[in-house]
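The values are calculated or read from the model by the stated rules, or taken from the named source; none is laboratory data. Computed from a predicted structure; not experimentally measured. As a convention, Cβ positions derive from the backbone with ideal geometry for all residues, glycine included, and neighbour counts pool all protein chains shown.
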Amino acid sequence: MSKKRDLEVLFSRNAPGSYEKLSKATVGIAGAGGLGSNVAHLLARVGVGRLIIDDPDRIELSNLGRQLYFIDQVGKPKVLALKESLRNINPLRSVPIVGGG
């Protein structure tokens with residue numbers, strides 16, 4: 001299967017026609033902490049095509065209990081680690097980064 005076909009299957013549970021609309025949408029997220037990192041993951045999973053994420057912070061060990069980051073990402077800028085994770089969900093998405101600690 002092609003990546004595009006895989007994504008069509010992934011988003012097939014969305015309402016009819018919604019993937020086409022969402023894949024063209026742009027959403028800005030201010031902050032990649034507890035709320036922002038979770039929202040970004042959810043928007044990626046429904047197929048939003050472009051996420052603009054801004055956060056100047058780096059991942060700290062204390063973040064791991066409530067934010068969607070992993071132990072090997074501690075010390076990395078949150079926006080770069082989040083971009084890596086989002087590419088694994090949907091590699092066709094554009095994730096411009098603002099900030100970056």
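Brief remarks follow.
- When LYS24 is tested against (1) of a type outside the set (Asp, Glu); (2) within 29 Å of SER12 (Cβ to Cβ); (3) surrounded by 14 or more Cβ atoms within 10 Å (Cβ to Cβ), just one condition goes unmet, and that condition is (3).
- Any hit, the stretch 78-100, residues being more than 9 Å from the chain's Cα centre (by Cα), surrounded by 17 or more Cβ atoms within 10 Å (Cβ to Cβ), under 21 Å from SER2 (Cβ atoms) and in contact (Cβ under 8 Å) with a residue 24 or more places away in the chain: no
- Taking the listed residues ILE71, ILE59, ILE52, ILE29, the one that is closer than 15 Å to LYS83 by Cβ and modelled with pLDDT of 95 or more is ILE59, with no other qualifying.
- Pairs with Cβ under 6 Å, 6+ apart, first in the stretch 27-47 and surrounded by 18 or more Cβ atoms within 10 Å (Cβ to Cβ), second in a loop (DSSP other than H, G, I, E, B): SER37/GLN67; SER37/LEU68; ALA44/ASN90; GLY47/PHE11; GLY47/SER23
- Checking each residue in the stretch 49-67 for being among the hydrophobic types (A, V, I, L, M, F, W, C) and surrounded by fewer than 20 Cβ atoms within 10 Å (Cβ to Cβ) picks out ILE52, LEU61, LEU64.
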